[in-house]
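Notes to accompany the following structure.
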Amino acid sequence: MSILSLNEIYLSYSAAPLFDHASFAIEEGDRVAIVGRNGAGKSTLLKILEGKIKPDEGRVIVKQGLRVARLEQDPPMVSEKMTVGAYCALGIPENGELLSKYYMSIEQGDSAQSISLSAKLEEHGVWQKEGELQRIIGLIGLKPDTQLKGLSGGWLRKVALARALVSNPDLLLLDEPTNHLDITTIEWLQEFIKNFKGAVVFISHDRSFINAVAQRVADVDRGKILSFVGNYDAYLEGKKEALRMEEIANKDFDRRLSEEEAWIRKGIKARLTRSDSRIRRLKAMRVEHKERRARLGNVNLRVDDRELSGKSCSRNTKPWFKDGG
Ligand SMILES: Nc1ncnc2c1ncn2[C@@H]1O[C@H](COP(=O)(O)OP(=O)(O)OP(=O)(O)O)[C@@H](O)[C@H]1O
Ligand SMILES: [Mg+2]
């Protein structure tokens with residue numbers, strides 16, 4: 001049974017909808033890589049899965065009690081004075097903010113506050129969760145009492161990752177997790193995901209990371225989400241075939257449309273015999289043709305041949321679509 005599914009969702013911010021009656025389901029223990037060109041809607045998809053954004057139409061069906069955590073695409077904004085421990089404690093689903101406040105009271109030397117909070121933490125059984133928090137912070141190579149201010153983008157993303165992990169989610173959503181990370185941390189994350197007992201859905205442009213971790217690849221493209229079983233290489237093959245079939249179908253459609261346009265332009269004799277239903281069908285075909293052009297925008301419908309020739313791509317590049325043209 002799926003732990004989370006999107007059924008025929010529709011979401012639009014502009015003329016061309018981001019999701020146009022798209023469906024997608026996540027199974028227990030799934031490992032799904034989300035791919036797609038810039039602005040296709042990948043980050044929005046993760047926010048819908050997290051429940052942060054509601055689609056305009058369609059159903060989001062979530063298994064009861066499912067714990068979901070999301071790593072954002074960008075490093076967290078740090079405005080106030082905060083330590084790594086205090087920030088990551090906020091990821092603990094119940095009473096995490098109490099532990100966070102406790103750490104800050106220690107940091108600020110406010111002993112009255114820390115004694116009072118300590119009693120509350122005892123009462124709510126939060127201390128039991130502290131060990132796991134410290135363990136995860138340590139695993140990522142951080143120290144709980146480090147100040148967030150002054151940390152680089154890479155370190156801030158590690159902090160955000162630790163915060164997502166401490167919630168012990170059933171579903172972990174990672175938005176471009178390898179961005180800003182050094183190779184050692186990327187390898188650590190690969191192992192972490194392999195051993196993680198919940199499901200992981202991650203957006204990535206990193207071919208080697210996808211190949212190491214994903215069981216399937218979901219492609220966000222012109223309002224739809226298409227799933228391909230296997231790794232990135234299997235996805236490229238599948239996508240190439242899907243585009244080939246689409247091109248054949250489009251050509252066939254265009255040929256029929258031009259035949260109908262020629263028919264309607266015929267002389268008086270033909271016009272006398274023209275049928276209403278045929279004219280209605282032609283009008284519908286014109287609309288469909290216009291919508292397809294709008295969906296396409298300036299996306300060039302070709303999988304990058306360099307990828308198919310087996311040349312590897314560098315990290316953090318977006319190789320499978322040629323934009324423009
Ligand atoms: N709240 C919003 N209001 C209006 N437009 C939005 C909103 N959120 C996203 N968009 C637009 O929707 C489109 C998809 O955004 P999204 O961030 O989901 O894309 P993405 O696939 O994650 O792109 P990237 O690869 O650049 O991270 C973009 O054109 C974006 O500007
Ligand atoms: Mg994004």
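The values are calculated or read from the model by the stated rules, or taken from the named source; none is laboratory data. All values reported here derive from a predicted model rather than from experimental measurement. Every residue, glycine as well, gets a Cβ built from its backbone with ideal geometry; the counts of neighbours run over all protein chains shown. Remember, those area values only see protein heavy atoms, side chains included, never the ligands or the DNA or RNA. Shrake-Rupley method; radii C 1.70, N 1.55, O 1.52, S 1.80 Å.
For this structure, a couple of remarks:
- Within the stretch 70-82, residues that are over 18 Å from Leu181 (Cα atoms) reach partners that are assigned to a loop (DSSP other than H, G, I, E, B) with beta carbons closer than 8 Å, at six or more positions or on different chains, in the pairs Val78/Leu148; Val78/Lys149; Val78/Leu151; Lys81/Lys149; Met82/Leu148; Met82/Lys149.
- Residue among Gly141, Gly153 that alone is modelled with pLDDT under 90, more than 16 Å from ligand 2 (Cβ to nearest atom) and farther than 23 Å from Arg31 by Cβ: Gly141
- Pairs are defined by a Cβ separation below 7 Å, a sequence spacing of at least 6 or placement on different chains, a first member in the stretch 114-128 that is modelled with pLDDT of 90 or more, and a second member that is open to solvent by 60 Å² or more (accessible area, probe 1.4 Å); the pairs so defined are Ser114/Ile106; Leu117/Lys101; Leu121/Trp127.
- Count of the stretch 60-92 residues which are within 16 Å of ligand 1 (Cβ to nearest atom) and charged (D, E, K, R): 3
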